[in-house]
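Take a look at the structure set out below.
The values are calculated or read from the model by the stated rules, or taken from the named source; none is laboratory data. Since this is a predicted model, take the numbers as computed values, not measurements. No Cβ is skipped: glycine too gets one built from the backbone with ideal geometry, and neighbour counts run over all protein chains shown.
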Amino acid sequence: MNKLTIIIRHVQEGGRLNQEDALHLARTASIHDLGQLGHMRRQALHGNKAYYVYNQHLNYTNVCQNACTFCAYSKREGQPGGYVYSREEIRDRLMARIKEPIREIHIVGGLNPALTYDYFLSMLQTVREVRPEATIKAFTAVEIAFLAKEYNKSVQQVLSDLQEAGLKCMTGGGAEVFDTNLRQKICPEKIPGTQWLDIHRTAHSLGIYSNCTMLFGHVETWENRIDHLHALRKLQDSTGGFLCFIPLPYQPDNNALEASGPDGEDFLRTIAISRIYLDNIPHIKAYWAYAGVKAAQMGLWAGADDFDGTIVEEKIGHAAGSASPKGLGQDQLCQYIAAAGFTPIQRDTFFNQV
Ligand code: V47
Ligand code: SF4
């Protein structure tokens with residue numbers, strides 16, 4: 001038997017992949033074999049279910065002191081087009097959809113030194129007042145590190161203050177690709193991967209669940225991707241606090257990074273390898289807002305089980321050229337999932353069926 005056949009058998013028998021075998025599988029397996037393995041693992045965990053969430057995104061500011069080369073969303077302080085939502089604007093945005101049965105508020109923003117510590121606490125309090133029944137999933141580890149540094153507090157202190165104000169789950173953003181040399185090229189001012197992981201470890205120890213991501217399809221290699229997945233799997237072995245992994249396909253427009261973005265096959269291969277390698281993370285998301293609805297539907301056949309949500313107004317991927325809609329209705333989400341051949345299941349942030 002050749003090496004590839006041995007690895008495929010190992011996966012079929014439910015075995016855990018090491019980095020070397022994952023790399024060999026990712027590089028040499030046909031898309032059919034890889035997709036089938038990803039699908040097999042996905043079906044074993046979730047059967048024919050595909051999850052979605054009724055959610056709303058709030059991007060409270062786009063002003064950011066970092067300038068990641070791939071980012072088309074952020075503005076430097078004082079640059080035209082920069083914005084910050086006031087407490088009233090946050091309330092108005094939530095009130096504009098108050099008749100809808102929203103279950104999750106997803107909140108992220110740039111690193112804006114003009115904001116006070118209290119801004120963050122009162123933002124969460126406002127969300128709780130207006131939407132007491134929704135779960136607050138907010139902030140990337142990058143924002144948490146920024147708050148700790150800016151206001152001279154420990155990460156643990158920041159997280160427990162936010163938790164007290166209503167934070168239940170952290171988003172998975174800001175992970176990009178952990179490799180140090182690569183980070184120098186794509187996001188030199190961002191916290192190192194080790195710090196990103198430490199912050200999620202601290203969150204998990206406080207009972208705050210989180211998601212995790214990988215930005216792929218730019219200038220990274222398959223080695224970089226597998227190393228990244230390995231670091232996530234290792235942390236998950238120790239804490240069990242990750243709910244969902246989201247491979248984020250790079251969107252190439254209006255930014256400084258010269259790369260084209262992944263094609264459809266690369267998207268599916270990455271979903272499949274993620275599902276196979278991350279055997280301890282329960283959910284893999286096919287993020288329609290970046291990948292496009294059609295690719296996300298195919299992603300459900302390669303290992304993904306989550307389709308994300310209604311969103312309403314996705315800003316970050318769209319600033320960088322995402323051609324998908326900015327939001328979808330619940331009926332549309334269900335139709336897309338059903339048309340792809342799966343049973344749509346509405347979930348909350350923690351993947352409990354609603
Ligand atoms: O952190 C920025 C990425 C992330 C680009 O946790 C880009 O449930 C592609 O993390 N092309 C934000 N990606 C999105 C994110 C997310 C989305 C949905 C759900 C969850 C969750 C998290 O988008 C950023 C960065 O990694 N990003 N620019 C770009 N040009
Ligand atoms: Fe700022 Fe995040 Fe954009 Fe980087 S990706 S420039 S940290 S908003």
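At a glance:
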| item | result |
| --- | --- |
| Unique residue being free of Cβ contacts under 8 Å to residues at least 24 places away in the same chain and under 27 Å from ASP161 (Cα atoms) when the list is THR202, THR194, THR239 | THR194 |
| Identity of the residue in region 187-201, of a type in the set (Val, Ile, Thr) and buried (at least 19 other Cβ atoms within 10 Å of the Cβ), that ends up nearest to ligand 1 (Cβ to nearest atom) | ILE191 |
| Subset of region 251-303 that is within 18 Å of the chain's Cα centre (by Cα) and among the acidic types (Asp, Glu) - its residue that is farthest from ligand 1 (Cβ to nearest atom) | ASP279 |
| Sole residue being in contact with a Pro (Cβ under 8 Å, 6 or more places away or on another chain), under 30 Å from GLY329 (Cα atoms) and buried (at least 18 other Cβ atoms within 10 Å of the Cβ), chosen from ILE284, ILE208 | ILE284 |
| Close pairs (6 angstrom Cβ cut-off, 6 or more residues apart or separate chains): touching a residue at least 12 places away in the same chain (Cβ under 8 Å) in region 101-112, among the aliphatic types (A, V, I, L, M) and within 15 Å of ligand 2 (Cβ to nearest atom) anywhere | ILE107/LEU58; ILE107/ALA138; GLY110/VAL63; ASN112/VAL63 |
| Matching residues, region 31-51, being surrounded by fewer than 16 Cβ atoms within 10 Å (Cβ to Cβ) and either outside any helix (DSSP H, G or I) or modelled with pLDDT under 95 (or both) | GLY47, ASN48 |
| Single residue of HIS57, HIS46 found to be under 23 Å from TYR209 (Cα atoms), more than 16 Å from ligand 2 (Cβ to nearest atom) and not hydroxyl-bearing (Ser, Thr, Tyr) | HIS46 |
| Complete set of residues in region 314-328 that are over 19 Å from HIS218 (Cα atoms) and either modelled with pLDDT of 95 or more or touching a strand residue (DSSP E or B) at 6+ places or on another chain (Cβ under 9 Å) (or both) | GLU314, LYS315, GLY327, LEU328 |
| Filter result for LEU257 (farther than 30 Å from SER30 by Cα, in contact with a Ser or Thr (Cβ under 9 Å, 6 or more places away or on another chain) and outside any strand (DSSP E or B)) | no |
| Among residues of region 134-179, those that are of a type outside the set (S, T, N, Q), more than 19 Å from the chain's Cα centre (by Cα) and on the phi > 0 side of the Ramachandran plot, counted | 1 |
| Leading residue by the ranking (surrounded by the most Cβ atoms within 10 Å (Cβ to Cβ)) among those in region 117-167 that are within 16 Å of ligand 1 (Cβ to nearest atom) and of a type in the set (S, T, N, Q) | THR140 |
| Set ALA286, ALA320, ALA304: member being within 16 Å of ligand 2 (Cβ to nearest atom) and at negative phi | ALA320 |
| Entirely in region 152-230, the helices (runs of 4 or more DSSP H) that have 3 or more residues that are away from ligand 2 (no atom under 15 Å from the Cβ) and either acidic (Asp, Glu) or within 23 Å of ALA320 (Cβ to Cβ) (or both) | none |
| Conditions (1) more than 22 Å from THR171 (Cβ to Cβ); (2) within 16 Å of ligand 2 (Cβ to nearest atom); (3) touching a residue at least 12 places away in the same chain (Cβ under 8 Å): number failed by ASP33 | (2) |
